[in-house]
Amino acid sequence: MADPLKILFLSAEVAPFAKTGGLGDVGGSLPKALHDLGHDVRVVMPAYRAIEAGYPGVSAMPGHLTVPTGVGMLPAGVFTGTLPGSDVPIYFIAEAGLFNRPNIYGYDDDPYRFAFFSRAALELTLALAWKPDVVHAHDWHAAPALAWLATAGQADGRFRGIATIFTIHNLAHQGRARWHIFDYLGIQTFSLAEESYGEVNFMARGIYHATMVNTVSPTYAREIMTPAGGAYLDGLLRHRHYDVHGIINGLDYQEWDPASDGRIANHYNADHLGARVHNRHALQARASLPQRDNIPLVAMVSRLDWQKGLDITGHVIHMLMNGFSGEAQFIVLGTGAREYEDMFARLAYYHPHKMTAYLDYNAGFAPLIYAGSDIFIMPSRFEPCGLGQLIAMRYGSVPVVRATGGLADTVQDGHTGFTFHDYSTDAFWRALQRAIYVYNVDRERWQQIQRHGMMADFSWRRSAQGYQQLYEWAIARTFS
Ligand code: ADP
């Protein structure tokens, strides 16, 4: 094994303590996988309301931190516990005025809230007398720590020589603030070309200051270096292209396992695919659809958001439901933009015996859809990594996806699923037809595709090995 590394892991979301999306999953799973590789990982996140209110297994540390800021030395409390199911320590930076609020994000002072969190997290390492080899910051909320380490921190021997990694989970949220925030952080620096006059862009700062940068899939890493996918930061990313990597997120194999998932009707594995049919029947019963066995049951579980490719989905479902590819059933579970909810509601109204639309969020129901459907569609416009296709493959539902971002890296056309490239109804429909054709005429090959998907390795262990490599490169690059 490689030498154990000391890794400080900074994230605004860590499941199960706080989660709004994939960032939370990564925060909850990756540290455990790194710990299993033998590393000393310590996670820091803000103490949101749920923590302040008393979270099982989390307790207040005695004393408090004194955080240097441009407006004086500010106190911060610290709660501590472990990531559930592990002994990975997690620390929560407590400042009730900043974090004890109803939501995690969405406030005018978000940049100050997360600047304080980031700076306090570095101060915490001094209080613990624990100097990390690597600071691993996730998304813009933790980027102030990297900006500080690369500038003001260089004047403080206690913080010199620390390698840094910046992981981009969502380039769309960049954390823009007034330049004053650098006074608050005690940073003196010049502005980047990506920052307009008087503005700080923390996403850009993370990319600029980190020793190494990565995102959550190799294809998304390439896409964000193009004007089409770069959200105005593609130039900066290209400038650093040697240091920009892509590492696919893992899937929590304890939570997502058809051989033990308590939320599905019947357990099965790749060697006993026949047992899946009970899930199909349970799903059809729940969706009030006829219990037909030999027609493709197509499904979608998704946020109903512009990103997810719903503009090219409506017409494809229209054709599917009108029998242009033979008989089929369709089930969608999703909530989000009104226009897409209306679209599915209208289609379901026209085809009540062939499709059902659940326009809500139901984490307990989703597993049965993965376990009972034949085909899982994910026609995303862009997709940094994507979890839906990984779960679908694990559960033997064959994904039909647009080959973008993490979808391109995880679904192999004709081997574990079906892919298309153009963002168009035509391309999507052709890929879905190819899938349905194999389903209808070559059941043996279909089952092979199912098995390939079920046996593919998207474990967190594999991702953690990728991060370990990145840490080692970053450390080799850092001089103390
Ligand atoms: P994103 O994080 O962009 O929403 P991912 O594919 O990475 O997309 O993750 C989506 C996750 O959320 C999957 O686990 C999916 O099953 C789940 N999900 C999405 N919409 C719903 C819903 N309406 N009900 C239950 N689970 C949902």
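Here is how the numbers come out for the structure above:
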| quantity | calculated |
| --- | --- |
| With every protein chain in place, the chain: carbon and sulfur % of accessible area (1.4 Å) | 51 percent |
| Surface accessible to a 1.4 Å probe, W256 within the full protein complex, Å² | 30 Å² |
| Modelled FRET efficiency - R0 30 Å, T20 with D413, Cβ distances, 0.05 increments | 0.40 |
| Nearest-ten-degree value, helix 22-36 long axis tilted from longest Cα axis of the chain | 70 degrees |
| Highest to lowest packing among 265-274, 197-206, 147-156, scored as the average C-beta count within 10 Å | 197-206, 147-156, 265-274 |
| Partner lysines for K354 [C-alpha distance under 26 Å; skip if fewer than 8 residues away on the same chain] | K308 |
| Angle between the chain longest axis and helix 338-350 axis [Cα atoms, degrees, rounded to 10] | 10 degrees |
| Surface per residue (accessible, 1.4 Å probe) for the chain, Å² | 40 Å² |
| Relative packing of peptides 445-453, 52-60, 228-236 - highest average C-beta neighbours within 10 Å first | 445-453, 228-236, 52-60 |
| Vicinal HN-Hα couplings computed from phi for the range 163-170 (Karplus, 6.51 cos²θ - 1.76 cosθ + 1.60; Hz; Gly/Pro x) | 6, 10, 10, 10, 9, 9, 9, 8 |
| Phi to ³J(HN,Hα) by Karplus 6.51 cos²θ - 1.76 cosθ + 1.60 over the range 237-252, Hz, x for Gly, Pro | 5, 5, 4, 9, 4, 5, 9, 9, 10, x, 10, 5, 5, x, 10, 6 |
| Rounded FRET efficiency, nearest 0.05, which uses the C-beta distance separating A228 from H281 and R0 of 41 Å | 0.40 |
| Sum of -39500 (n - 2.57) over DSSP H runs of 4+, divided by residues of the chain (222 nm, nearest 500) | -11000 deg cm²/dmol |
| Candidate lysines - alpha carbon under 21 Å from K32, same-chain residues fewer than 8 apart omitted | K6, K19, K131 |
| Simple spin-label estimate for A129 and A96 in nanometres, 7 Å along Cα-Cβ | 3.2 nm |
| Extension gain (nm, one decimal) between Q188 and D422, 0.36 nm per residue minus Cα-Cα | 79.7 nm |
| Relative contact order, percent, the chain [alpha-carbon distance under 8 Å, six or more residues apart] | 13 percent |
| Separation of alpha-carbon centers, the range 431-468 and the range 337-410, rounded to whole Å | 16 Å |
| Segments 163-169, 406-412 sorted - mean Cβ within 10 Å per residue, highest first | 163-169, 406-412 |
| Debye equation applied to the C-alpha atoms of the range 1-94, log10 I(q)/I(0) at 0.17, 0.22 Å⁻¹ | -0.76, -1.10 |
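The values are calculated or read from the model by the stated rules, or taken from the named source; none is laboratory data. This structure is a prediction, so every number in the text was calculated from the model and none was measured. Every residue, glycine as well, gets a Cβ built from its backbone with ideal geometry; the counts of neighbours run over all protein chains shown. SASA here: full protein model, heavy atoms, side chains in, ligands and nucleic acids out. Shrake-Rupley method; radii C 1.70, N 1.55, O 1.52, S 1.80 Å.
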